[in-house]
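The values are calculated or read from the model by the stated rules, or taken from the named source; none is laboratory data. These numbers were taken from a predicted model, which means no experiment stands behind them. Cβ: placed from backbone, ideal geometry, glycine included. Neighbour counts: every protein chain shown.
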Amino acid sequence: MKSARTATVEVLGALRRAVYPPACIACGALTESEFALCGPCWRDAGFLMGALVCDSCGIPLPGQDAGPVHCDDCLRRPRPWSRGRAALPYRATGRQLALALKHGDRTDLAKPMGRWLAAAASPLLQDDQVLVPVPLHWSRLLRRRYNQAQLLAREAGRLLGRPVVPDALVRCRATRSLGHGGREARAAALSGVIVPHPRQGRRLQGRAVLLIDDVMTSGATLSACAGAAREAGAADVRVLVLARALFEP
């Protein structure tokens, strides 16, 4: 038998849904449940779970090979982490939602996005693993008021039952936006920028680390974070991002 409190919560929830019916988080069309995508937006999202992807960077690949495969780019230039995955490609719905979270104050999107990340994380999970979000410089955090990677890590960690260490890594110097630079320029801009926190970084010693970010383009930021995590003594580093850019500049 339901308690009075449970019954009250259900009634209030039904009233709220009657006044504010669930809507697609991308286009606003009506949906059956909250924090969901409508059919067209779901199809446009092109979720990568179950697709053939590069085992290092998560970019989708043609074919149906079930074994671990790597894209040509990762074969030429191996990544400084062991494995990587993305929930969806950075285009259409994925790009729209990633930008809304990052620049549109849509912090409510962290809830469904964290669920997508948790689903994509399946091949990356290890025992004694901690989730570490890519850090923001304090000046950018002050302007934006939140770190989108930290919001994603918190929700994914809750669903995966993994601890989150939000301040294990520090961005010790502000850098310009990396959105319009080539691979080498991005790597140079991030040289020595991300380092282990003097105290919290010790929590990575001997642990498996899963780095969390919203978007991977060239992978320069995640490479800098992986190097810092290794410097802190991480036993293994893997990466998980919400969206993977399909074409690198």
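Restricting to the range 1-41, name every residue that is in a helix (DSSP H, G or I), at pLDDT 95 or above and out of contact with any strand residue (DSSP E or B) (no Cβ under 6 Å at 6 or more places or on another chain). I'd like the intermediate steps shown before the answer.
If we filter the range 1-41 for residues that are in a helix (DSSP H, G or I), which is where we start, we get 4-19, 39-41.
Then drop every residue that is not at pLDDT 95 or above, which leaves 39-41.
Once the filter is applied, which keeps residues that are in a helix (DSSP H, G or I), at pLDDT 95 or above and out of contact with any strand residue (DSSP E or B) (no Cβ under 6 Å at 6 or more places or on another chain), the range 1-41 yields GLY39, PRO40.
I'd like the residue in the range 25-63 that is loosely packed, with under 13 Cβ neighbours inside 10 Å and either of a type in the set (D, E, K, R) or under 17 Å from the mean Cα position of the chain (by Cα) (or both) and, out of all such residues, is nearest to LYS111 (Cα to Cα).
Step by step, filter the range 25-63, then rank; the result is GLU32.
Every residue in the range 101-129 that is more than 13 Å from ALA149 (Cα to Cα), assigned to a helix (DSSP H, G or I) and not acidic (Asp, Glu), please.
PRO112, ARG115, TRP116, ALA118, ALA119, ALA120, SER122, PRO123, LEU124
Determine the pairs where a residue that is more than 19 Å from GLY114 (Cβ to Cβ), located within the range 138-153, has a partner that is modelled with pLDDT of 95 or more with Cβ atoms under 7 Å apart, the partner being 6 or more residues away or on another chain.
If the second residue must be modelled with pLDDT of 95 or more, the pairs left are LEU141/ASN147.
Could you pull out the residue among ALA168, ALA189, ALA185 that is surrounded by 14 or more Cβ atoms within 10 Å (Cβ to Cβ), under 20 Å from the mean Cα position of the chain (by Cα) and of a type in the set (A, V, I, L, M)? Explain how you work it out, then say what you get.
Numbers: ALA189 fails: under 20 Å from the mean Cα position of the chain (by Cα); ALA185 fails: under 20 Å from the mean Cα position of the chain (by Cα).
Only one candidate passes the filter, namely ALA168.
Could you identify the single residue in LEU88, LEU75 that is closer than 27 Å to ALA228 by Cβ and part of a helix (DSSP H, G or I)?
On the way: LEU88 fails: part of a helix (DSSP H, G or I).
Only one candidate passes the filter, namely LEU75.
For the range 103-122, give me the residue count where each residue is modelled with pLDDT under 95 and under 12 Å from the mean Cα position of the chain (by Cα).
Number of matching residues: 0.
Might you let me know whether the range 112-128 holds any residue that is in contact with a Pro (Cβ under 8 Å, 6 or more places away or on another chain) and not basic (Lys, Arg)? Full working, then the answer.
Of all residues in the range 112-128, those in contact with a Pro (Cβ under 8 Å, 6 or more places away or on another chain) come to none.
The answer is no, given that none of the residues of the range 112-128 is in contact with a Pro (Cβ under 8 Å, 6 or more places away or on another chain) and not basic (Lys, Arg).
Can you say whether ARG95 is touching a helix residue (DSSP H, G or I) at 6+ places or on another chain (Cβ under 7 Å), assigned to a helix (DSSP H, G or I), among the basic types (Lys, Arg) and over 24 Å from ILE194 (Cα atoms), as far as the supplied structure shows? If you could, list the steps in order and put the result at the bottom.
Working: touching a helix residue (DSSP H, G or I) at 6+ places or on another chain (Cβ under 7 Å): no; assigned to a helix (DSSP H, G or I): yes; among the basic types (Lys, Arg): yes; over 24 Å from ILE194 (Cα atoms): yes.
Here the answer is no, as ARG95 does not meet what is asked.
Could you run through the range 55-107 and say how many residues are out of contact with any strand residue (DSSP E or B) (no Cβ under 7 Å at 6 or more places or on another chain), farther than 15 Å from LEU117 by Cα and among the aliphatic types (A, V, I, L, M)?
5
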